[in-house]
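Just below is one structure, and these are the notes that go with it.
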Amino acid sequence: MLTTAPHLRTLRPSPTTAEFTVSTQLIHLNPQRTILNIVLWTIRLATLLSCFLLLHAKYEELSPPPPLPPPPSPPPYSSLHASSSLHQHHTHFHNHNHNQYQYQHHQHPPAPPPLRPAVPQVLQVLLAAAAAAAASSSPAGQFFARLALPTPACVLLPACLGASYLALLRFHQAEKLLVLRGLGIQTWSAGRTVVGGGSNTRFIPTAKVRDVLVNEAFLGNEIRFYLIVVVEGEDDVVVVFPGILPHRDIVLEVWNGVRGCLWEGGKNPRWAGKFTG
C-alpha cells in the first residue's frame, strides 16, 4: 500500500552523463496517494510532537526550581540622616544639571546606540523560550505533563527515542547510479530514515572500472539478475542496487545505458581486439 514494484527513472543531461534511479516509492499522482501522504506525515509530526512534550514535561519535573532572590536590606541609620541633610543641596544641584543637560541635548543631540550584532542569537533564544513556555502552559503540554509524571525517566526516554525513530522511518527504498565519462561511477543507497541518516555512497574512478556485467544468481526458488561492477585490485565485485535487486528488464536497460555512457560506442577499451580471430 505504501510502496510499489521497483521502477526506473533515468536522467541524461548529456551523452556522457547519466543518472539511474531505482525506487519502490509510489509514483502515481492520484487523490488517494495525496491523502495517504498527508495522513502519514500527520502521524509522523504528531508522534514527534508528543515525544517532545513528554520529554519537556519530564525535564521540567526533574529540574530544580530557581533560587529566590534575597530580600533587600534596610538602609543604615546614619545614611538616613545624611540623606536628609543633603536633600536641599542635592535638589539645587539636580536642577542645575538638568538645565545644563537640556541645553547640551538641544545643541548636540546624542548619537543613536549601535546595533548589536547578536540579534539573531537573541531571537533564537527568545523563540526557544517562547516554545518552551507554550509547551508548558498549553492544554496539550499540561496533558502530557500529567502523563509523564508517573512514568520514570529511565522508561520514558527510551520509549520516546524509539517512537521518534519509528516515526522517521522510510517505507520505500531508493538507490541511484551516477555515471560520468572520464571520472567514474558513483553508487548511492538511501538511508532508513526520511532525514537521510544511514545513506551509503561509493565512488569508483574510471581507471579502476574493469567492466560492468550482468550476473545471475538463485534467490530462493527463482533466478535473479543483478548488475555488478568489477573493480581493479579488489577481489569482491560491487553490486549495483543491492537493496532492491530490480527485475531483468531494468537491469538490462541500466547495463546498456552505463556502457554507452562510460565508454565510446559502449565498448570497453580494455577488451577491444582481444577476442577477434
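Observations, loosely collected:
- Inter-label distance for Glu60 and Thr193, nm, one decimal - labels placed 7 Å from Cα along Cα-to-Cβ: 2.6
- Once the C-beta distance of Glu234 and Val214 is scaled by a Förster radius of 22 Å, the resulting FRET efficiency is 0.70 to the nearest 0.05.
- Cβ charges +1 (Lys, Arg) and -1 (Asp, Glu), total dipole of the range 153-258, debye: 400
- Note on Arg44 and Ala207: their simple-model spin labels are 4.2 nm apart, each label 7 Å out from Cα toward Cβ.
- Residues of type aspartates and glutamates that Lys208 reaches as a straight line, Cα spacing below 12 Å, ignoring anything fewer than 8 places off in the same chain: Glu232, Glu234
- Here the gap between Gln186 and Leu157, fully extended at 0.36 nm per residue and compared with their Cα-Cα distance, gives a gain of 6.6 nm.
- Solvent-accessible surface ranking, highest first, for Val214, Val238, Val39 at 1.4 angstrom: Val39, Val214, Val238
The values are calculated or read from the model by the stated rules, or taken from the named source; none is laboratory data. This structure is a prediction, so every number in the text was calculated from the model and none was measured. Every residue, glycine among them, receives a Cβ derived from its backbone with ideal geometry; neighbour counts consider all protein chains shown. Please note that ligands, DNA and RNA were not included when accessible areas were found on the heavy atoms of the full protein model with its side chains. Shrake-Rupley method; radii C 1.70, N 1.55, O 1.52, S 1.80 Å.
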